[in-house]
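A quick write-up on the structure given underneath.
The values are calculated or read from the model by the stated rules, or taken from the named source; none is laboratory data. Please read these numbers as outputs of a predicted model, since none were measured by experiment. Cβ: placed from backbone, ideal geometry, glycine included. Neighbour counts: every protein chain shown.
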Amino acid sequence: MNCPHCGVEHFPEPAGGKKADGGEGGCPYLGAPFPRLRAGHDELFYGRWRRADASPLDLRRAHHRLRRLLDEIAAALGSDDLPATRKDLARANDALHMATLHEDGQESFLHADHALSYAHRVIGDLLHEKGAPPHSPGDFSAWYEAAEVPFREDW
């Protein structure tokens, strides 16, 4: 079930059982700037598609989630005059397009991973513009089914 606050699926309490500060309903992103963007990024960052046993279906689902995330980022960016941020968003879209062209396998994974990295940079720029600290997915790892940062070491 997706969180009613941030829109993504994460555990209602992190590993260890401590709720987020002010995290009504157990959402770690509540009260932070751009909670849906941050949560959407982390859901992908800790997603099954980045594991060694991921299937082509996992990768296709990640492509769809990445598309939604990039669309939400574009909406959040709006008409703000941030040329470097827009350039990173364009790079993320280009990388996702390349991932979609390859459909599955190593090249698709690598392009999708690059798209996610560019999306992270854009979110960081948006947070910087708000005067907020940068987003670190590691701060939220306990809220996801991930013991550590996932990488595809077999590729």
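Worth a mention:
- Any hit, the range 30-46, residues being over 21 Å from GLY7 (Cβ atoms) and touching a residue at least 24 places away in the same chain (Cβ under 8 Å): no
- Residue that is surrounded by the most Cβ atoms within 10 Å (Cβ to Cβ), among those in the range 63-80 that are closer than 15 Å to HIS111 by Cα and among the basic types (Lys, Arg): ARG65
- Hey, ASP88 in contact with a helix residue (DSSP H, G or I) (Cβ under 7 Å, 6 or more places away or on another chain), under 19 Å from HIS135 (Cα atoms), at pLDDT 85 or above and among the acidic types (Asp, Glu) or not: yes
- Any pair with Cβ under 6 angstrom, 6 or more apart, that starts in the range 88-107 at a residue that is charged (D, E, K, R) and ends at one that is at pLDDT below 95: ASP104/PRO56; ASP104/LEU59
- Which numbered condition ASP81 fails, given (1) closer than 27 Å to HIS128 by Cα; (2) assigned to a helix (DSSP H, G or I): (2)
- Filtered by the rule that a residue be more than 14 Å from the chain's Cα centre (by Cα) and modelled with pLDDT of 90 or more, the range 135-145 gives no residues.
- Residue check, ARG60 closer than 25 Å to GLU103 by Cα, surrounded by 13 or more Cβ atoms within 10 Å (Cβ to Cβ) and at pLDDT 85 or above: yes
- Within the range 1-57, the residues that satisfy the criterion of being modelled with pLDDT of 70 or more and at positive phi are GLY7, GLY26, GLY31, PHE34.
- In the set (1) closer than 14 Å to HIS41 by Cα; (2) modelled with pLDDT under 95; (3) surrounded by 12 or more Cβ atoms within 10 Å (Cβ to Cβ), the condition left unmet by ALA115 is number (2).
- With respect to the conditions (1) surrounded by 14 or more Cβ atoms within 10 Å (Cβ to Cβ); (2) farther than 23 Å from GLY26 by Cα; (3) out of contact with any Ser or Thr (no Cβ under 9 Å at 6 or more places or on another chain); (4) at pLDDT 90 or above, PRO83 lacks only one, and its number is (1).
- For the range 47-77, a residue qualifies if it is under 11 Å from ALA112 (Cα atoms) and either part of a loop (DSSP other than H, G, I, E, B) or touching a residue at least 24 places away in the same chain (Cβ under 8 Å) (or both), and the qualifying residues are TRP49, ARG50, LEU59, ARG60, ALA62, HIS63, ARG65, LEU66, ARG67.
- Counting residues in the range 89-108 that are surrounded by fewer than 12 Cβ atoms within 10 Å (Cβ to Cβ) and closer than 25 Å to ASN2 by Cβ gives zero.
- Flag if ALA119 is in a helix (DSSP H, G or I), touching a Phe, Trp or Tyr at 6+ places or on another chain (Cβ under 8 Å) and of a type outside the set (Asp, Glu): no
- For the range 106-120, a residue qualifies if it is over 11 Å from the mean Cα position of the chain (by Cα) and over 13 Å from ALA62 (Cβ atoms), and the qualifying residues are GLN106, GLU107.
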